[in-house]
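Please treat every number below as a calculation from the coordinates, not as lab data. It should be emphasised that the depicted structure is a prediction, and the values quoted were computed from it without experimental measurement. Note that we place each Cβ from the backbone using ideal geometry, even for glycine, and neighbour counts take in every protein chain shown.
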Amino acid sequence: MEYEAVIGLETHVQLKTKSKMWCGCANAFGAPPNTNVCPVCLGLPGVLPVPNDEALRLTVLTGYLLNCEIPRFAKFDRKSYFYPDMPKNYQITQYDKPSTANGHVEFEFTAASRACASPARTWRRTWARARILSATAAWTSTAPACRSWKLFLNRTSPARTWPTNTSTRSRTSWLRRRERLRHGEGHGALRRERECASKGTKELGAKIEIKNMNSFSGVRRALEYEIPRQIEVVSKGGN
């Protein structure tokens, strides 16, 4: 039986705004720990978050870069989870009504042909969209026993766009196309996550999520490991 790898990419892009997404605290890198914080981004009782209009504008620009539709209505959702890096115990994000929708990115592939000396070129279009969400804080453990942790709250709640795509073969091209976002107006640091699943029929198999890939080589090695592993599991009747 033949299998095809169906790969979705999730790329986090921190927006280069002067203030955070839901409050007026400075979105500045390198400030002393836990100085750019306020009751809003710490999630204290009774606070009222107000969205950053520049972050919304940059998200729409991201949508245009990805050939997206810009809906007249978008909404934010509360994603509840309990980790020290999110003092509110929930993240403000977008789920079913994001700020952009139904976009696409086209890639050109060059493949050597045995029949002729010149390489064959093909185009592939992949689906894409961008959402907006608030970032988490940074937390690190003290080596070597990891018995205590340091929490850096300055990074709590800056705005991030969340471009995603689903493709079979354009994974590296999509990651390299991230430069299109980096050179777009006001975009900054990037982080990548990825999801991949094997399929042998029209029905997709179980989705496996590989988190926090931070290099091209890391993504490549993860795929080289994960795709054969999933094929072996499915071939033996697993899920």
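Brief remarks on what is shown
- Subtracting the Cα-Cα distance of residue 222 and residue 73 from 0.36 nm times their residue separation leaves 49.9 nm of extension gain.
- Note on residue 4/residue 101: beta-carbon distance plugged into 1/(1 + (r/R0)^6) with R0 of 25 Å gives a FRET efficiency of 0.45.
- Residues of type lysines that residue 150 reaches as a straight line, Cα spacing below 29 Å, ignoring anything fewer than 8 places off in the same chain: 16, 18, 20, 79, 88, 211
- In summary, the lysines within cross-link reach of residue 236, defined as a Cα separation below 16 angstrom excluding same-chain residues under 8 places away, comprise 199.
- Burial order of peptide ranges 31-42, 61-72 (average beta-carbon count within 10 Å, highest first): 61-72, 31-42
- Label-point separation, residue 211 to residue 150 (7 Å along Cα→Cβ), nm: 2.2
- Protection proxy ranking of 203-215, 17-29, 222-234, by the mean of other Cβ atoms within 10 Å over each peptide's residues and highest first, is 17-29, 222-234, 203-215.
- Net charge of the neighbourhood of residue 232, taken over other residues with C-beta under 14 Å away and scored Lys/Arg +1, Asp/Glu -1, is 0.
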